[in-house]
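Input: one structure, supplied below.
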Amino acid sequence: MMKRLALAVAGCVLGATAAMAQAPLTKVRVAYDGFSMTSAPMIYADKQGIFRKFGLDAAPVFVEGGSTLTQAVVGGSIDIAQNGYTPAAGAAVQGADIVFIGGISNKLPFQLVVKASVKGAAELKGQSVAISRYGSSTDTAADFALKHLGLTRNDVAVRQLGGPATRNAALISGQVAGTMEQYPDTGQLEQQGYRVLVDVTDLAGDYPNTSYTTSRTFLKKNPEAVKRFFMAMATAVHEFKRNPDLAVKLTQEFLKVKEAPLAKAAYDVYVKVYPDDLRPSLAGIGLVLTELAKQDAKVAKVKPEDLVDTSILDALAREGFFARLAETH
């Protein structure tokens, strides 16, 4: 009985996607702001033709910097963006036409990687830790790591050094004792004898990292396109989790990781991070607003719900899309 039900569900999903694929494709300009694991399901959706299966012409493009990508959404040159929560929220509270419609990473998946001689807080005290820039996700992750170790910023020098390559070089050359990294970079450093002192992923709890945003104008005019985008992305996440060999291969190509085991290590971490129904984190947005309110008191009056529209995801849930997807293999 259960097998017949699963086959029937799969038939419904395949039938719906086939009908969408046969119709003229709808052009949607999609972008992401980082060559990282958070972008892996979107690249999977593109490479596996999942966007096309749901009737979309959506070839994701890279836009460097969350603030730049936010401006592209507000300006109308990008329709749907995979972007950091902080730059999007910062623009929204100032009245920009941008709204959170989903999320792909509601955790802070960073590790404090240190040289082998650093066994704990005592050895790290008085030394330097590298981040990308102040106010970034790496900066926030550093706060969580230091707090876990019982240290403060008075105990270490937190240095903004730019991207992962620069930070890794600083660690290897001995300029810093530690750096905030993500897999697969963390795995590459481990191979060279460095060690993870603190993994922030679970320590930070429900903390916002990467969201999906659009303009309210686009959402109002194109609800069907947004719906198909989320059907495609949810399907991509589902398949990504259930096809590890293919997912690792495509991720390895996307991130230009030379060794498959490093890509697999990154995969193992992030399949636990990606949500199945792609909802944004209201609690996480609340944390972002708390930080923004330190610079602008007016932000304290803004509620997370004011910046979010989950009407499309709510409709898909009511229609049973996510439940049917979970039952397919």
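The values are calculated or read from the model by the stated rules, or taken from the named source; none is laboratory data. The model shown is predicted, which means the values in this text are computed figures rather than measured ones. Please note: Cβ atoms are built from the backbone with ideal geometry, for glycine as well, and neighbour counts cover all protein chains shown. Remember, those area values only see protein heavy atoms, side chains included, never the ligands or the DNA or RNA. Shrake-Rupley method; radii C 1.70, N 1.55, O 1.52, S 1.80 Å.
Looking at ALA145, ALA141 in this structure, which one is modelled with pLDDT under 90, more than 28 Å from PHE51 (Cα to Cα) and crowded, with 23+ Cβ neighbours inside 10 Å?
Values: ALA145 fails: modelled with pLDDT under 90.
Matching residue, one of ALA145, ALA141: ALA141.
Here is a yes/no grid of residues against (1) more than 26 Å from the chain's Cα centre (by Cα); (2) within 18 Å of PHE35 (Cα to Cα); (3) among the aromatic types (Phe, Trp, Tyr):
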| site | (1), (2), (3) |
| --- | --- |
| LEU124 | yes, no, no |
| LYS147 | no, no, no |
| VAL156 | yes, no, no |
| GLY163 | no, yes, no |
| ASN168 | no, yes, no |
| LEU171 | no, no, no |
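What helices (runs of 4 or more DSSP H) completely inside the range 269-327 contain at least 3 residues that are open to solvent by less than 50 Å² (accessible area, probe 1.4 Å) and under 21 Å from ASN222 (Cβ atoms)? If you could, list the steps in order and put the result at the bottom.
On the way: elements: 282-293, 311-318, 321-327.
Helices (runs of 4 or more DSSP H) meeting the threshold: 311-318.
Show the residue pairs meeting these rules: Cβ distance below 8 Å; 6+ apart or different chains; first residue within the range 297-323 and farther than 30 Å from HIS238 by Cα; second residue open to solvent by 20 Å² or more (accessible area, probe 1.4 Å) and not in a helix (DSSP H, G or I).
Once the first residue is farther than 30 Å from HIS238 by Cα and sits in the range 297-323, its partners that are open to solvent by 20 Å² or more (accessible area, probe 1.4 Å) and not in a helix (DSSP H, G or I) give LYS298/VAL93; VAL299/VAL93; VAL302/VAL93.
Give, as residue ranges, the helices (runs of 4 or more DSSP H) completely inside the range 31-135 that count at least 2 residues that are within 27 Å of ARG216 (Cα to Cα), among the hydroxyl-bearing types (Ser, Thr, Tyr) and free of Cβ contacts under 8 Å to residues at least 40 places away in the same chain.
It comes to 66-75.
Can you find a residue in the range 207-215 that is in a helix (DSSP H, G or I) and out of contact with any strand residue (DSSP E or B) (no Cβ under 6 Å at 6 or more places or on another chain)?
no
Every residue in the range 168-196 that is outside any helix (DSSP H, G or I), open to solvent by 30 Å² or more (accessible area, probe 1.4 Å) and over 27 Å from THR290 (Cβ atoms), please.
Selection gives GLY174, GLN175, TYR183, GLN192, GLY193, TYR194, ARG195, VAL196.
Among the residues of the range 242-259, are any surrounded by 20 or more Cβ atoms within 10 Å (Cβ to Cβ), closer than 21 Å to PHE54 by Cα and either in contact with a Cys (Cβ under 7 Å, 6 or more places away or on another chain) or of a type in the set (Ser, Thr, Tyr) (or both)?
No; the residues of the range 242-259 include none that is surrounded by 20 or more Cβ atoms within 10 Å (Cβ to Cβ), closer than 21 Å to PHE54 by Cα and either in contact with a Cys (Cβ under 7 Å, 6 or more places away or on another chain) or of a type in the set (Ser, Thr, Tyr) (or both).
So for the range 220-233 (the condition being in contact with a Lys or Arg (Cβ under 8 Å, 6 or more places away or on another chain), buried (at least 23 other Cβ atoms within 10 Å of the Cβ) and in a helix (DSSP H, G or I)), does at least one residue qualify?
The answer is yes, given that some residue of the range 220-233 is in contact with a Lys or Arg (Cβ under 8 Å, 6 or more places away or on another chain), buried (at least 23 other Cβ atoms within 10 Å of the Cβ) and in a helix (DSSP H, G or I).
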